[in-house]
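The values are calculated or read from the model by the stated rules, or taken from the named source; none is laboratory data. All values reported here derive from a predicted model rather than from experimental measurement. Please note: Cβ atoms are built from the backbone with ideal geometry, for glycine as well, and neighbour counts cover all protein chains shown. Each accessible area value is taken on the protein alone, full model and side chains, heavy atoms only, with ligands, DNA and RNA left out. Shrake-Rupley method; radii C 1.70, N 1.55, O 1.52, S 1.80 Å.
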Amino acid sequence: MVRFTVLASGSKGNSTVVCGGRTRILVDAGLSCRELFRRMKLADEAPEALDAIVITHEHQDHVNGLAVTARKLGIPVYFTEATHRAWTRWLTPRRQMTYKQWLELCRKQAAERQAEPEAPALDAATEESEFEDAGPEEAEVECLVQAGATSQPAHLDPGPVADTALAESTPAEPASVEPPSLKEDPTWLPAVEYFRAGVPFSIGDIALSPFTIPHDAADPVGFVLSSEGVRMGFATDLGYIPPNVRQQLQDLDLLLLESNHDLEMLRDGPYPWSVKQRVLSRVGHLSNDATAEFLSSAYDGQAAYVILAHLSENNNLPELARVAAERALLGRASLLANRLLLAEQHQPLSAIRF
Ligand SMILES: [Zn+2]
Ligand SMILES: [Zn+2]
């Protein structure tokens, strides 16, 4: 049986469990390990049965609980190499300074870059995005909490389950080597596997086809996941839908697609101008209108389920996203096939089973 369970979706954390055959994977780990486990149990998914974590990009709302979760379960993490490097860079400075000092330093560096007229715009956006993806302020507060995980001993010592899994998943390393603590090395993971956009790969019984998406991260990707003949498209955090993504999101049984903001709410909303510009940019997030435009034109209308995801809590309302998508799907020959669901930030969506 194939199961697809969105545990959380939005700027405060993203994570989805996909099960196919005998394999279970987590796509993104944007909640704390504790919260991930709590939600998995709520959704009837056993955390210790997870085989791997796959990361779409290094923004905080996608990796918040990554290190703790991978360590606790002793499972491999799949990244692109550039995403892994960006994640490592993001965590490393905290070893030398407090998180507050580090944030201060990053702000100073960003201001210096802005003062340089010739500085490439994308570089500045990339640095900035490491904090702003989760929305102003809240992201920083949440990250602080996560950084505080170093003082939670319960998360530092893998239990017996993790010990076994660790030995199995990293055969190259002697089992007697003690992993460093989070404090010693916050970037240490039981095992790291690299994939590349455009090059399909498999984790057990699940096949993944990663594709590049336009977003201000090091090397962001979406996926088509398939198992037992069921195809699931997964694309959040993208500024627009380029032809390669349109092409990928066809012939699906399930489509999870971002519907981040309502344009008017964003324009009139509380975000600083620079953040509004970033969200609206070609490497920002999809508006309800952009998603609707795809659903009404390029999308083939074949999926049994369409899940709207990564809704902004500040700049969107579930009703607005739903109505825009419903209108877009109306008149499609296969409307009845497209059961529309909205992924939520604060509770898991019921498992979709095939
Ligand atoms: Zn992002
Ligand atoms: Zn995100």
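PRE reach from MET265 (point 7 Å along Cα→Cβ): which of segment 305-327 fall under 20 Å by backbone N?
306-327
Does segment 1-112 come out rounded, prolate or oblate, given a ≥ b ≥ c as the square roots of the eigenvalues of its C-alpha gyration tensor, rounded meaning a/c under 1.5 and, failing that, prolate meaning a/b above b/c?
Because a/c hits 1.5 or more and a/b exceeds b/c, segment 1-112 counts as prolate.
Between ALA351 and ALA298, with labels modelled 7 Å along Cα→Cβ, what's the label distance in nm to one decimal, could you check?
Rounded to a tenth, the inter-label distance reads 3.3 nm.
Leaving ligands, DNA and RNA out of it, report the carbon-plus-sulfur percent of the accessible area of segment 247-297 at a 1.4 Å probe.
So the carbon and sulfur contribution to the accessible surface is 48 percent.
Please work out the FRET efficiency for the pair ALA111 and LEU317, using the Cβ-Cβ distance as r and a Förster radius of 30 Å; give the result to the nearest 0.05.
0.30
Rounded if a/c is under 1.5, else prolate if a/b beats b/c, else oblate: with a ≥ b ≥ c from the C-alpha gyration tensor eigenvalues square-rooted, which is segment 186-278?
Oblate shape, in that a/c is at least 1.5 and b/c is the bigger or equal ratio.
Pulled fully out, how much extra length does the chain show between ARG246 and GLU326, if you take 0.36 nm times their separation in residues and subtract their Cα-Cα distance?
Between ARG246 and GLU326, full extension yields an extra 26.9 nm.
What percentage of the solvent-accessible surface of segment 33-84, computed with a 1.4 Å probe over protein heavy atoms, is contributed by carbon and sulfur atoms?
The computed percentage sits at 47.
Can you work out the FRET efficiency for the pair LEU280 and GLU193, with r the C-beta to C-beta distance and R0 = 41 Å, to the nearest 0.05?
Values: r = 35 Å, r/R0 = 0.84.
That pair, LEU280 with GLU193, gives E of 0.75.
With a 1.4 Å probe and every protein chain left in place, tell me how much accessible area ASP185 has, in Å² to the nearest 10.
40
Can you give me the accessible area per residue for segment 210-354, using a 1.4 Å probe, in Å²?
Result: 41 Å² of accessible area for each residue.
Could you check the simple spin-label distance between ASP205 and ARG38, using points 7 Å along Cα→Cβ, in nm with one decimal?
Here the modelled spin labels are 3.1 nm apart.
Note down the Stokes-Einstein diffusion coefficient of segment 213-345 in µm²/s, whole number, using a Kirkwood radius over alpha carbon pairs, 4 °C, and 1.567 mPa s. Please report the intermediate quantities before stating the final value.
Working: Rh = 14.8 Å.
For the chosen part, D equals 87 µm²/s.
Whose amide H sits under 5 Å from the amide H of ARG339, counting only residues 5 or more places off or on another chain, with H placed in the peptide plane?
HN-HN under 5 Å from ARG339: TYR305, VAL306.
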